[in-house]
1. Of everything in the range 159-175, what is open to solvent by 10 Å² or more (accessible area, probe 1.4 Å) and within 18 Å of Thr206 (Cα to Cα)? Give them in sequence order.
2. If you go through the range 76-113, how many residues are open to solvent by less than 50 Å² (accessible area, probe 1.4 Å) and over 20 Å from the mean Cα position of the chain (by Cα)?
3. What residue, among those in the range 295-308 that are in contact with a Gly (Cβ under 7 Å, 6 or more places away or on another chain) and modelled with pLDDT of 90 or more, is nearest to Tyr223 (Cα to Cα)?
4. Which one is most open to solvent (accessible area, probe 1.4 Å), of the residues in the range 220-253 that are among the polar types (S, T, N, Q) and under 15 Å from Asp308 (Cβ atoms)?
5. Against the definition (of a type in the set (D, E, K, R) and in contact with an Asp or Glu (Cβ under 6 Å, 6 or more places away or on another chain)), how does Lys48 come out, yes or no?
6. Counting just the residues of the range 276-306 that are more than 12 Å from the ligand (Cβ to nearest atom) and without any contact (Cβ under 8 Å) to a residue 40 or more places away in the chain, which one comes out most open to solvent (accessible area, probe 1.4 Å)?
7. Please state which one of Gly58, Gly45, Gly19 is open to solvent by 30 Å² or more (accessible area, probe 1.4 Å), within 23 Å of Ile159 (Cα to Cα) and either of a type in the set (Gly, Ala, Ser) or in a strand (DSSP E or B) (or both).
8. Which ones in the range 22-42 are open to solvent by less than 40 Å² (accessible area, probe 1.4 Å) and of a type in the set (Asp, Glu)?
Amino acid sequence: MLEAVDITKRMPLHGRRHGQWFTAVDSASLTLEAGKVVALVGESGSGKSTLARILTLGDEPSAGTIRLAGREVSGRRRADRQAHFGQVQLIMQDPFASLNQLHKVRYILSRPLRNFGVAGDLRQRIIELLERVNLTPGEQYLDKYPHELSGGQWQRVAIARALAAGPAVLIGDEPVSMLDVSIRLDVLRLFADLCAQDGLAMLYITHDIASARYFADEINVIYAARMVEGGPAEEVTQRPRHPYTQLLLESSPDPDRDSERTALPIVDAANESVDREQELAGCPFAARCPHAMPVCTEKPPPRTTFTDGHWSRCWLHEE
Ligand code: SF4
């Protein structure tokens, strides 16, 4: 449905580093298919949100191709943008910031319905959308303001607004991380329903590999701009090949794990950005990797494919 091929994003630096460039995303590829959830897992500063903006045409890639339903699209072409905005919808982390606090739910949902020319009784369509995201009975929510709703209800309104455009693809950028733990699972189940029953394709962006394991069909792990491992969710989480994926799993709570291993510290990749270009000359994880070898800082590791579409980029697996 939506395909990203070798997407790279380079940005100019300012201030004392004026004239230098920072690589936010390096040759990232992924494919979103109807009815499936693909997770993109990584620390803050790893390039996840930049890739989400590029996939929604909110930003231009420096290199690479985006295809929607097999057709190449560009944010520079007005016709492409209009079609893309209807088909690919972004759900942001903070529902309170993403929706206008001054308007009632009725108004917020009527705008995309009007903009995308959805036919039929507008009020009835809004009620259907509210009930599709489990806000029932829908009539009760029509005249509510944000301050009258809980965080979980407000995120459901944000999801209903995304559905109002009639999309084929949802991109959730940390869509449950600001919600109470008790309602995260309900919202993830709602996304799973939308994919399974309505055939939507979804990219679930998160720093929490445990939630990706239970929710996604496929997991891609990104570290310091570069995707380092990917494959079926069960395969990646049960048999992680890349040392960074192993670290992420060891650092995440898992009731199914037989014995508690020592959690390793997660470092915020954004703080390491000054060395990004140097890191990408080899393996970006080399400074933290317990298995690092001289070759790891000299050349980027090649991609090795295992069984069932599982792959990794690490010199340990080079044949
Ligand atoms: Fe570690 Fe080298 Fe593999 Fe990178 S390529 S994860 S530094 S062993």
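1. Asp173, Glu174
2. Residues that pass the stated criteria total 7.
3. Pro300
4. If we take residues in the range 220-253 being among the polar types (S, T, N, Q) and under 15 Å from Asp308 (Cβ atoms), then Gln238 is most open to solvent (accessible area, probe 1.4 Å).
5. no
6. Checked the range 276-306; the qualifying residue most open to solvent (accessible area, probe 1.4 Å) is Gln278.
7. Answer to the selection: Gly58.
8. The one that is open to solvent by less than 40 Å² (accessible area, probe 1.4 Å) and of a type in the set (Asp, Glu): Asp26.
The values are calculated or read from the model by the stated rules, or taken from the named source; none is laboratory data. Just so we're clear, the structure is a prediction, and the values are computed from it rather than from any experiment. No Cβ is skipped: glycine too gets one built from the backbone with ideal geometry, and neighbour counts run over all protein chains shown. Surface areas here come from the heavy atoms of the whole protein model, side chains and all, with no ligands, DNA or RNA. Shrake-Rupley method; radii C 1.70, N 1.55, O 1.52, S 1.80 Å.
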